[in-house]
Amino acid sequence: MFHSLVKRSDLSAQSLLHKRYNDGDFLDCFSVESELSPRRAAEIITSFPAWTMALVRLRGALVAPFGLSSKGPEAADKLGIFPVEYDGEAEVIAGFNDRHLDFRVSVLSENGRISLATWVHRHNWGGRLYLAAILPFHILIARNALARVKSASA
């Protein structure tokens, strides 16, 4: 199977996302073997293939009437639409806060693996509904992104 090398994993104890996590927040993590730097892996992850870009455009059209961001806020350093919050030797964290939820993605390099973790804090029913609606696509996109990281590592 295409994604067979991508594994669901626990968030590393070293990840700075732990500082954000509270009971009730959403957190998932997938990982793959790779020696890439977290920044290079994050660049691959956010270089979405055409099918993902189509989903992103559809999402943008669907959420526009609710005033939700489709381009992300302005920032000096961005990965795709995501402003970079932290760029260290072992981890890159990007994301932003919106009216319905706050989210961050972490790309962490540790012990020959790249992990992609997503943290979401939902503010209201809109955030809960939004996360429930996109979750199947999120998992598909995250697993595909890490499969592309693995391919780039080979």
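The values are calculated or read from the model by the stated rules, or taken from the named source; none is laboratory data. In this text the structure is predicted, and so the values were computed from the model without any measurement. All Cβ positions, glycine included, derive from the backbone under ideal geometry; neighbour counts span all protein chains shown. Accessible surface areas use protein heavy atoms only, side chains included; no ligands, DNA or RNA. Shrake-Rupley method; radii C 1.70, N 1.55, O 1.52, S 1.80 Å.
If we count trypsin sites (Lys or Arg not before Pro) as exposed when they sit in a DSSP loop and have at most 15 other beta carbons within 10 Å, what is the longest stretch of the chain that avoids them all? Intermediate values should be presented prior to the final figure.
Values: sites that count: 71, 99.
The longest uninterrupted stretch comes out as 1-70.
What net charge is computed for the residues neighbouring residue 141, neighbours being all others with C-beta under 14 Å from the C-beta of residue 141, Lys and Arg scored +1, Asp and Glu -1?
Charge balance near residue 141 sits at +3.
Pull out a ≥ b ≥ c, the square roots of the eigenvalues of the alpha-carbon gyration tensor of segment 87-140, then state rounded if a/c is under 1.5, prolate if not and a/b is larger than b/c, and oblate in the remaining case.
Working: a/c = 4.14, a/b = 1.86, b/c = 2.22.
The shape class here is oblate.
Considering the Cα trace of the chain, what is its radius of gyration and what is Dmax, both in angstroms?
For the chain, the Cα radius of gyration and maximum Cα-Cα distance read 14.8, 44 Å.
With every protein chain present, what is the per residue accessible area of segment 22-111 (1.4 Å probe, Å²)?
Numbers: 4720 Å² over 90 residues.
Spelled out: the 1.4 Å probe surface of segment 22-111, per residue, equals 52 Å².
When the Karplus curve 6.51 cos²θ - 1.76 cosθ + 1.60 is applied with θ = phi - 60°, which whole-Hz ³J(HN,Hα) does each residue of segment 79-94 get, with x for Gly and Pro?
Values per residue, Gly and Pro as x: 10, x, 8, 9, x, 7, 9, 8, 9, x, 5, 10, 8, 10, 10, 9 Hz.
Accessible area of the chain with a 1.4 Å probe: how many percent of it is carbon plus sulfur?
Details: 4880 of 8460 Å².
Carbon-and-sulfur percentage of accessible area, whole number: 58.
Report, in whole Å, the centroid distance computed from the Cα atoms of segment 78-154 and segment 7-26.
When both Cα centres are located, 11 Å separates them.
Considering only DSSP states other than H, G, I, E and B, which chymotrypsin sites (Phe, Trp or Tyr not before Pro) in segment 1-55 qualify as loop sites with at most 13 other Cβ atoms within 10 Å? Present the calculation step by step, with values, prior to reporting the outcome.
Values: sites: 2, 21, 26, 30, 51; in loops: 2, 21.
Those that pass, being in a loop and sparsely packed, are 2.
Considering Cα pairs under 8 angstrom that are at least six residues apart, work out the relative contact order of segment 55-141 and quote it in whole percent.
15 percent
Counting Lys and Arg as +1 and Asp and Glu as -1, what is the net charge of the other residues whose Cβ lies under 11 Å from the Cβ of residue 33?
+2
Restricting attention to segment 69-154, which GluC sites (Glu not before Pro) occupy a DSSP loop and are surrounded by at most 15 other Cβ atoms within 10 Å?
Numbers: sites: 74, 85, 89, 91, 110; in loops: 74, 89.
Answer by residue number: 74, 89.
What net charge is computed for the residues neighbouring residue 104, neighbours being all others with C-beta under 15 Å from the C-beta of residue 104, Lys and Arg scored +1, Asp and Glu -1? Spell out each step's value before the answer.
Values: positive: 19, 20, 78, 122; negative: 25, 28, 77, 85, 87, 91, 98, 102.
That sum, taken over residues with Cβ under 15 Å, equals -4.
Could you give the length gained by full extension between residue 22 and residue 151, i.e. 0.36 nm per residue of separation minus their alpha carbon distance, to one decimal place?
Extra length available between residue 22 and residue 151 comes to 43.0 nm.
Dividing the convex hull volume of the Cα atoms of segment 1-59 by its residue count, what figure in Å³ per residue is obtained? Can you show the working numbers first?
Working: hull volume 8.7 nm³, N = 59.
In segment 1-59, the Cα convex hull volume per residue is 148 Å³.
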